[in-house]
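Encoded as structure tokens, the structure appears first; notes follow it.
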């Protein structure tokens, strides 16, 4: 009788394993929703659509992008946190939602970035760029800072919204440069850039992909990049570290995450396909043209990266006394 139960349990375990394998082997069986926690027209949408197109071709099912802005990305993050962890709802992780918001919102944050989500892979890093209208009198970052010191509280800069990467980047720089700027939050990069080009605001510190078209079109002038090294897309533009702000570095980054509890075989499948996309010139050309640095690491490496960024931005938020307007 004891031997019978042992054999029976082994058979049950074997059958369950086969069924589990078969279940994950057919993923995906329907369309996948990829949520972007910001408005249309920004760097995040460029990255998301490049990945969505590549995954659609690779998986044989539609991967569609859905923009859900609001609350510095918190609204979308909370929704995905509560989604069924079956691989059919994903969200574009971002430096703001995963690393900055924990420091900005503290206990008011409606999600835990380390417990409520499963990291898949870091997709890309993009340098932030301080840019002004081509009609602006500022030709260098030194001229911009000098005028800001002469006219404290009179120079406006725009961002994609309160708590956005551009908001944090400029507040960080203002703290380092000892200048007082006025933040004008928008509902996305698109309307902000329209006002910047039109002269309603004087500057921005936004991700390069959302600015590169206007820079190439000579409607925006880049003054400095926030990355550690010069951008290959803008080799003539100095870094802020080169411009007298030693050690200054701020870049935006984007990765794919899923609700916690998503089966590991699905996580691994998505990670594998995204790495292929990033290695494909056809699928990744838009991101590369817009100045992104492609990554494609493991879920474990992405988690380690996120936690390091949380530590770094926690110190920046505290030191610069950054708050939500």
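Every residue in the range 228-267 that is part of a helix (DSSP H, G or I) and without any contact (Cβ under 8 Å) to a residue 24 or more places away in the chain, please. Write out each step before concluding.
Step one: of the range 228-267, the residues part of a helix (DSSP H, G or I) are 264-267.
Passing the criteria: only 264.
Just to be sure I understand, how many residues within the range 303-325 are surrounded by 16 or more Cβ atoms within 10 Å (Cβ to Cβ), more than 16 Å from residue 126 (Cβ to Cβ) and modelled with pLDDT of 95 or more?
Result for the range 303-325: 3.
Pick from 166, 158, 153, 87: which is surrounded by 24 or more Cβ atoms within 10 Å (Cβ to Cβ) and either more than 18 Å from residue 225 (Cβ to Cβ) or modelled with pLDDT of 95 or more (or both)?
158
Starting from residues that are in contact (Cβ under 8 Å) with a residue 60 or more places away in the chain and over 20 Å from residue 251 (Cβ atoms), keep the ones in the range 199-220 and report whichever is surrounded by the most Cβ atoms within 10 Å (Cβ to Cβ).
202
Residue check, residue 282 against (1) at pLDDT below 90; (2) surrounded by 14 or more Cβ atoms within 10 Å (Cβ to Cβ); (3) more than 17 Å from residue 95 (Cα to Cα), all met but one. Which one?
(2)
Can you tell me which residue in the range 47-74 is nearest to residue 125 (Cα to Cα), limited to those that are touching a strand residue (DSSP E or B) at 6+ places or on another chain (Cβ under 7 Å) and part of a helix (DSSP H, G or I)? Give the derivation first.
Within the range 47-74, the subset touching a strand residue (DSSP E or B) at 6+ places or on another chain (Cβ under 7 Å) is 47-49, 51-52, 55-56, 61, 63-68, 73.
Those left that are additionally part of a helix (DSSP H, G or I): 47-49, 51-52, 55-56, 73.
Details: 47: 10, 48: 13, 49: 16, 51: 14, 52: 17, 55: 19, 56: 22, 73: 18 Å.
Once the filter is applied, the top-ranked residue is 47.
Here's a check for you: in the range 28-55, which residue that is under 17 Å from residue 71 (Cβ atoms) and at pLDDT 95 or above is surrounded by the fewest Cβ atoms within 10 Å (Cβ to Cβ)?
That would be 35.
Considering only residues that are more than 13 Å from the chain's Cα centre (by Cα) and closer than 18 Å to residue 51 by Cβ, which ones fall in the range 62-82?
Selection gives 62, 63, 64, 65, 66, 67, 68, 76, 80.
Do you know which residues across the range 200-211 are modelled with pLDDT of 95 or more and outside any strand (DSSP E or B)? Give the steps one after another, and end with the answer.
At the first step, the residues of the range 200-211 found to be modelled with pLDDT of 95 or more are 200-205.
The answer is 200, 201, 202.
Would you call residue 227 surrounded by 16 or more Cβ atoms within 10 Å (Cβ to Cβ) and within 18 Å of residue 39 (Cα to Cα)?
no
The values are calculated or read from the model by the stated rules, or taken from the named source; none is laboratory data. Just so we're clear, the structure is a prediction, and the values are computed from it rather than from any experiment. Here the Cβ is made from the backbone with ideal geometry for all residues, glycine too, and neighbour counts use every protein chain on show.
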